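Undergrad: Sharing a structure, written as structure tokens. Questions coming.
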Amino acid sequence: MLGMGLTLQPADFQRLIKEPVDIGIGAVTQWLVMPAAAYGLYVLLDLPDAVGIGLILVGAAPGGTASNVMAYLGRGDVALSVAITTLTTLAAPIVMPAWVVFTLGEQINVTFAEMFQSIIQIVIIPVFLGFTIRYLLDRYSPKAAEIGTDVFPVISVAAIVAIVAGVVGANVDNILTAGLLVLVAVVTHNAIGLGSGYGVGRATGMSTDRVRTCAFEVGLQNSGLAVALATTLFEPAAALIPALFSVWHNITGPALASFFSWQDSGQKSVEAVPSDD
């Protein structure tokens, strides 16, 4: 989260006010589709309560920096991607507990206030600390800022990989017991997010690059945050789906980005062929 904060600049917050429509569409789609799809899959697949909690946490999680990277690789609108990620991250202390309590209130012993406090500690404080450091470095030491924005994302990725590896290792028995259902839930949930984001972008008349961004923002969640909350507030099995989602969306995200890039290359090749006229 500190690494994510270091990628933010004042212009990213200003964009939330200056370009609210497409940002709002992407954020609202994520807030509604992913948690609802998670709960639907939890009920439909009759997942164990602990595993279902993890799925709901992923669904209610904000966008992560992975979506920003995929928007760049897939020739989407990176500025829009960062803006949506920023908005959903800032709203996470309210959105995540609200969805978890609304869908699983009777099955959990954790309160809205406890989740709100945890998300403030895990997300908001580190993000704003990173933003402050970046602002000061940009102002007083631009060279250090440039180095920091290259180094810290790598550290963030390494941290997430280590956390995911630990969670998967601690849940070997659960994976072997409910492996197929868990895999179906992860794959289906991610596909619903990517497809819904793309569809909503098209339906609302977004440009092609923004349609792609909307797909990535809705389908690629901050599963690292879901893992952290699961391990902090719930039993170990709750971290299983968030950990596997981290792995899976880092397969589908690059694959979709590569497809979009290939699509653009093919279109340019067609346009370059002279017509008979």
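Undergrad: Taking semi-axes √(5λ) of the Cα gyration tensor in Å straight from the coordinates, which label in [x] 45, 33, 17; [y] 37, 18, 15; [z] 30, 24, 18 is the correct one?
TA: [z]
Undergrad: Ok, one more. Give me the 1.4 Å probe accessible area per residue for the chain, excluding ligands and nucleic acids, in Å².
TA: Accessible area per residue, the chain: 46 Å².
Undergrad: Something else now. Calculate what fraction, in whole %, of the accessible area of the chain sits on carbon and sulfur atoms when a 1.4 Å probe is rolled over the protein chains.
TA: 67 percent
Undergrad: What nm distance separates the two modelled labels at Q117 and D264, each placed 7 Å from Cα along Cα→Cβ?
TA: With each label point 7 Å from Cα toward Cβ, the separation is 4.7 nm.
Undergrad: Also: Multiplying the sequence separation of V101 and L136 by 0.36 nm and subtracting their Cα-Cα distance, what value in nm do you get?
TA: Contour length minus Cα-Cα distance gives 8.7 nm.
Undergrad: Could you derive backbone 3J(HN,Hα) for region 123-136 from the dihedral phi with the Karplus parameters 6.51, -1.76 and 1.60 (θ = phi - 60°), listing whole Hz in sequence and x where the residue is Gly or Pro?
TA: Along region 123-136, the couplings run 10, 5, 4, x, 5, 5, 5, x, 4, 5, 4, 4, 4, 5 Hz.
Undergrad: Then there is this: Find how much the distance from L129 to L181 grows on full extension, using 0.36 nm per residue of separation minus their present alpha carbon separation; answer in nm with one decimal.
TA: 14.8 nm
Undergrad: Ok, one more. Taking θ = phi - 60°, what integer Hz values does the Karplus form 6.51 cos²θ - 1.76 cosθ + 1.60 yield along region 250-265, in sequence order, with x for Gly and Pro?
TA: Once rounded to whole Hz, the list reads 7, 9, 6, x, x, 4, 5, 4, 5, 5, 4, 5, 4, 4, 5, 5.
Undergrad: Can you compute 3J(HN,Hα) from phi for each residue in region 34-41, using the Karplus curve 6.51 cos²θ - 1.76 cosθ + 1.60 with θ = phi - 60°, rounded to whole Hz and x for Gly and Pro?
TA: 5, x, 5, 5, 4, 5, x, 5
The values are calculated or read from the model by the stated rules, or taken from the named source; none is laboratory data. Keep in mind that what you see is a predicted model, and the values were worked out from it rather than measured. All Cβ positions, even for glycine, are placed from backbone atoms using ideal geometry, and neighbour counts span all protein chains on display. All accessible areas refer to the heavy atoms of the entire protein, side chains included, with ligands and DNA or RNA removed. Shrake-Rupley method; radii C 1.70, N 1.55, O 1.52, S 1.80 Å.
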